[in-house]
Each structure stands twice: as C-alpha cells, then as structure tokens.
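The values are calculated or read from the model by the stated rules, or taken from the named source; none is laboratory data. Model, not experiment: these values are computed from the prediction. Methodologically, a virtual Cβ is constructed for each residue, glycine included, from the backbone with ideal geometry; neighbour enumeration extends over all protein chains shown. Ligands, DNA and RNA are stripped out before the accessible areas are found, and what is left, the full protein with its side chains, is counted by its heavy atoms. Shrake-Rupley method; radii C 1.70, N 1.55, O 1.52, S 1.80 Å.
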Amino acid sequence: MINFEYARANDVADAVRQIAADPTAKFIAGGTNLIDLMKEDVERPTRLIDVSRLPLQMVEEMPHGGVRIGALVPNSDLAYHPLIEQRYPLLSSAILAGASQQLRNMASTGGNLLQRTRCYYFYDTTTPCNKRDPGSGCPAIGGLNRMHAILGHSETCIATHPSDMCVALAALDAKVHVAGLSGARSFAFADFHRLPGNTPQRDTNLEPDELITAVELPARGFAANYSYLKIRDRLSYAFALVSVAAALELDGDTIKDARLALGGVAHKPWRDLGAEAALRRQTANEAAFGRAADLVLRDAEGFEHNRFKIDLARRAIVRALTQAAQATPQSQSNKKIR
Ligand SMILES: Cc1cc2nc3c(=O)[nH]c(=O)nc-3n(C[C@H](O)[C@H](O)[C@H](O)COP(=O)(O)OP(=O)(O)OC[C@H]3O[C@@H](n4cnc5c(N)ncnc54)[C@H](O)[C@@H]3O)c2cc1C
Ligand code: SF4
C-alpha cells in the first residue's frame, strides 16, 4: 500500500501555491492517465492536488474571433460543443477518434496535453527506461518498437506522444495558457511539447509549479476542407500508429493555405511548416500531396518493427489531404454517440 495525501484546490492561485510548496505533489484532473500510472507504480506522488472543480470549464468566444477553452473542459463536451463542431470540426474529429466515450467524459483538455507516452517499457517498471528513470537506458531501441517514433527521436528515447486532440491543436496553431508562481504566460502549441534529446524525462516546457489554465484557438478553423485520419490496429479504443490532421484553404483547385500535422510518429505532434509552404499556390492534386508527404518524411528513420510507418505515413498524408480537398473528411463512427 502506497499512501498519498489528497487536497482540493480552491482557485488557480491556491493550486499553484500548493504545487509549488511540494515538489512531489501532482495535479489531478480527470485522472484517466495519472491513476493508471500510479497503479503501475510509474508515478508516485505523495500528494494529489485536485483541480477538477476549478472554474476552468468554459468554451468562450474571444473578441478577436478565436475561442478560449478552459483547461477543465471535458474532451466530450469540447468535441460536441456547437462552436467547435461548426468552426473547428478538425478538432472535434480528432477528439472523437481517441479513447472511448466514457474516457472522453472524464478526460480534461489540460490533462490530454499532459498524458504520457504509451511505450510498453515506460509502463513496465521491471525494465529500464530513460523517460521513467533517466540514465537507465532505452530498451525500445533494440526491442519492441512497433508503435514508436520515426521522426525527431534521439539515442535516449524513441517514444511517441499518444494524443489525438493535440495533433489537431498543432495544425490549428493553438496557444496554451498557463499560470505559475511568477505569473501567467502562454506557449505557441509547437513550443509546448518537447523532442526527447538528452532529457526524455521532460515531455513539455511546462514548469513543475505551473497549471494549464486554457487552450486558445485562433479565428481560422478550416471548417470547409479538413480531415483527421487515424490509422490504428483496431477501429476504436486504440492509439494511433499514424494520424494526420490536414486542413486546406482552397481557391477553386488552388491551395491558398495548408496545415499538416502528424500524430503517432514523434515525441510531440509533428507539424511541418516547410511542407505546408510547399503546398501553397499548388493545384490540389495527388502529385502536390505526394511532394508534401516526401518533405515531411525526408528525415524519417524507423527501427526493426516500425519501418512500415514511413510508407504508412506517406500514404496517410496523401489520403488525408485528398479527403480535405474533396471536403469528404474521414467519417466518424463515434459522431452520433453521446
Ligand atoms: C484505455 C485508454 C485509451 C486511451 N485512448 C486514447 C486515444 O486513442 N487518444 C488520445 O488522445 N488519448 C487516449 N487516452 C488518453 C486520455 O485522453 C488521457 O488519459 C486524458 O486526456 C487525460 O486527461 P485527464 O484529465 O484524465 O488527466 P489526468 O490523468 O488527471 O492527468 C494527466 C497529467 O496531467 C496533469 N494535469 C492535469 N490537468 C492539469 C492542468 N490543468 N495543469 C497542469 N497539469 C495538469 C496531471 O498532473 C497528470 O500528470 C486513452 C486513455 C486510456 C486510459
Ligand atoms: S522509448 Fe522512451 S519511454 Fe520507451 S523505453 Fe525508451 S526511453 Fe523509455
């Protein structure tokens, strides 16, 4: 039996004060990842600070046309919110492609950003793992690595970030707002998660005393031409082998603007600005989409069991961009289940 204390935060400032006072404490929101990690003995917080009742549960339109999503908005509420369904359907699709309805009802926006990798060795405390125990080694490199990274990995870690929602947030150019002891600040979504480098134990640039308070979407939602395509071993309740968030702004057949982000391939949602730039002013066709895919994957490197992902990612990019161009987004089997 491993004991831990439980406390509820009264407001954002109280949450930040409590976490800053105790480096072994952790925030808990929906608990759908943290509780599993505690049961597996991967995380051992001595104190849980429950933030689930903080008033961060609103989805609000901003004066500049964007939308602010409180960090405690449950994934289901967000996916089915009229503003998100109508203006950011890419985000709705990505959320509904993840987990199960029950999990999405519990999971929070902030917690989704901070969910940890699904690398088998990370969860297995009988094995070494640089992310769990820095310096102990990475058995995935020479071991079971079917679900692992093909882009941006390092000699210390080849894990992937498992979120679907974050892939859409990366493509949509979201911002992450946080509060800490030294005040509030915000991150461009691309700067929030980290590549493993020599510090795979750090998934994000969030400081230990900081609370995510909101995620902000800019005004442009690419609602007409988008697709979230998730390739996985089962049709539901499985993490992505490869996922693609694709969004286009078209003028006839010509691409005015493009967004392209991948999930399941790297330690963070993988957005490629070079490939997006290469799509602009091109005719929206398979040749242009193939060139963009080649650019995204130019430095891809697989391991014994996951090399297939490089070709899979190439085909998924072309297919998602084609679906976006034709305004026939990947169908959502969960769409009508509430
Ligand atoms: C069986 C299963 C299948 C799943 N499948 C998918 C899938 O296919 N796709 C997908 O994207 N996800 C999937 N998930 C993951 C799920 O989406 C996450 O577990 C969930 O989003 C985490 O949110 P939470 O509120 O429960 O976080 P918690 O478990 O409460 O917290 C997670 C982490 O975030 C920290 N935290 C929480 N809120 C804040 C905050 N506001 N500020 C700072 N730190 C905070 C906690 O301290 C903890 O470290 C799956 C989960 C399970 C269990
Ligand atoms: S890939 Fe990363 S998380 Fe997995 S065993 Fe290696 S160091 Fe650990």
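Odds and ends about this structure:
- Qualifying residue in segment 2-17 (condition: among the aliphatic types (A, V, I, L, M), within 16 Å of ligand 2 (Cβ to nearest atom) and open to solvent by less than 30 Å² (accessible area, probe 1.4 Å)): no
For every residue, the table says whether it meets (1) of a type in the set (K, R); (2) assigned to a helix (DSSP H, G or I); (3) modelled with pLDDT of 95 or more.
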position	(1), (2), (3)
A7	no, no, yes
N10	no, no, yes
R17	yes, yes, yes
D36	no, yes, yes
D41	no, no, yes
L54	no, no, yes
Q57	no, no, yes
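- All told, R202 meets the bar of being basic (K, R) and in contact with a Lys or Arg (Cβ under 7 Å, 6 or more places away or on another chain).
- Among the candidates S76, S100, S92, the residue that is among the polar types (S, T, N, Q), open to solvent by less than 10 Å² (accessible area, probe 1.4 Å), more than 16 Å from ligand 2 (Cβ to nearest atom) and in contact with a Phe, Trp or Tyr (Cβ under 8 Å, 6 or more places away or on another chain) is uniquely S92.
- Among the residues of segment 177-199, those identified as assigned to a loop (DSSP other than H, G, I, E, B) and open to solvent by less than 10 Å² (accessible area, probe 1.4 Å) are F192, P196.
- Restricting attention to segment 39-62, the residues being open to solvent by 20 Å² or more (accessible area, probe 1.4 Å) and out of contact with any Gly (no Cβ under 9 Å at 6 or more places or on another chain) number 11.
- If the condition is being open to solvent by less than 30 Å² (accessible area, probe 1.4 Å) and within 12 Å of ligand 1 (Cβ to nearest atom), then segment 116-141 contributes only T117.
- Number of positions in segment 144-176 that are open to solvent by 20 Å² or more (accessible area, probe 1.4 Å) and of a type in the set (G, A, S): 2
- Single residue of G65, G30 found to be open to solvent by less than 30 Å² (accessible area, probe 1.4 Å), more than 9 Å from ligand 1 (Cβ to nearest atom), assigned to a loop (DSSP other than H, G, I, E, B) and of a type in the set (G, A, S): G65
- Residue match in segment 193-201 (condition: within 16 Å of ligand 2 (Cβ to nearest atom), touching a strand residue (DSSP E or B) at 6+ places or on another chain (Cβ under 7 Å) and within 22 Å of V67 (Cα to Cα)): yes
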